[in-house]
Amino acid sequence: MHHGPRKSSLSSAAAQNGLLFGTALCTSHLLSQPLTRAILRECSIVTSEYEMKWDAICQVPELPDYASADGLVSFASDNSLALHGHTLWWHEAIPSALRNAADNRFREAALEHLRATVTRYAGQMHSWDVVNEPLEPAHGRGNGLRETRFAAAFGPDYIETAFREAASLDPRAVLVLNEMGLEYTSPAAEQKRRQMLALLEREKARGTPIACLGIQSHLTALEQPRDHQELRAFLREVRAMGLSVMITEMDVSDHLCPRDRKQRDTIVAETYRAYLDLVLDEAEVLAVSTWGLSDDRTWLNGFRPRPDGAPQRPLLFDGAIRRKPAWHAVKDALATNRTVT
Ligand code: XIL
């Protein structure tokens, strides 16, 4: 049973400022007692890392399997944890049998999946990543929209379609447009921020019920700057539109850092602190979530392996579920009282 925020936990630090703190998890994580205890102690929201994705539920399109997703919903409900659903429509989570289906078949299947899933959990979800990663400036479209099966089959209105359907079926869930790479300093990232603002303005003008911008926050230590004026300006514009923000998938890759653990852990902690201070200063943040709680479960060993082959140390707990310097950095940032300027 979740005992609510306790002293010196991330969830209690977050609660001091009306925030939720959480992590992404799979039902397999719950087989580990130490990890489950840490999740219950530290978190007030959890995110489905994999098991609520379309390709995970519909491995057999005609036979959607919600067993694992149901397990996550029960775990959250039994422990009074908020649940952030990830993700309804994402180009990297299309069931293989549908990837090359005809447009009308694809549309029908994508809508059926969204409707069935949102309906199944209506009233139990804190929020949904309704659409994930809609932008890709490199695809050369004027509006920056990523070339995906959703854009091809529905046209650019697919975002409005998804959000209107989700809002009609679960009016209580916070509906999130989730994106990666808005945090970086490259010219492409600045272009992506501009295109995201234009997209949000367009959707707002047509009444698309987007309530919140999800910022994945997959950061790289030694690349993420201490301060970042363009990101500050972007967040101020998002706030001026009346949109809240969720930090949805935060982790700090240490693949550019020296091998020495103490050095890596210090650099990673400093990166978390500077980034969170910036975002919490500028945005109306609902929740801060990391993409996993302990280093041994990070997706980064597959996605961004260190050149020297040493296991990544990107998260707040080590493989033995001991708090790292990054835990203290995040706790301090969450607990810092910020006057809205
Ligand atoms: C990743 C998961 O962590 C992996 O386990 C899975 O194999 C691939 O997807 N952006 C996202 C997440 O929105 O869904 C991705 O999660 C990480 C990048």
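The values are calculated or read from the model by the stated rules, or taken from the named source; none is laboratory data. Given the structure is predicted, the values throughout are model-derived calculations rather than measurements. A quick note on method: Cβ atoms are made from the backbone with ideal geometry, for glycine too, and the neighbour counts reach across all protein chains shown. Keep in mind that these areas ignore ligands, DNA and RNA; they rest on the heavy atoms of the full protein, side chains included. Shrake-Rupley method; radii C 1.70, N 1.55, O 1.52, S 1.80 Å.
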Item to check | the range 213-224 residues that are more than 30 Å from residue 159 (Cα to Cα), paired with ones that are small (Gly, Ala, Ser) (beta carbon under 9 Å, 6 or more apart) | outcome: 221/253; 223/253
Next on the checklist: Looking at residue 118 and the list (1) surrounded by fewer than 20 Cβ atoms within 10 Å (Cβ to Cβ); (2) more than 16 Å from the ligand (Cβ to nearest atom), which single condition is not satisfied?
Outcome noted: (1)
Next on the checklist: Condition (residue is touching a strand residue (DSSP E or B) at 6+ places or on another chain (Cβ under 9 Å), more than 21 Å from residue 178 (Cβ to Cβ) and not in a loop (DSSP other than H, G, I, E, B)) applied to the range 133-141: is it met by at least one residue?
Outcome noted: no
Checklist entry - Somewhere in the range 185-192, is a residue basic (Lys, Arg) and over 18 Å from the mean Cα position of the chain (by Cα)? => result no
Checklist entry - Would a scan of the range 124-136 turn up a residue that is more than 17 Å from the chain's Cα centre (by Cα), modelled with pLDDT of 95 or more, within 24 Å of residue 208 (Cβ to Cβ) and more than 14 Å from the ligand (Cβ to nearest atom)? => result yes
Next on the checklist: I'd like to check which helices (runs of 4 or more DSSP H) are fully inside the range 229-341 and have at least 3 residues that are more than 16 Å from the ligand (Cβ to nearest atom), farther than 28 Å from residue 36 by Cα and open to solvent by 10 Å² or more (accessible area, probe 1.4 Å).
Outcome noted: 229-240, 261-282
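I need the full set of residues from the range 59-85 which are within 16 Å of the ligand (Cβ to nearest atom) and either at pLDDT below 95 or over 19 Å from residue 11 (Cβ atoms) (or both), in order please.
59, 68, 69, 85
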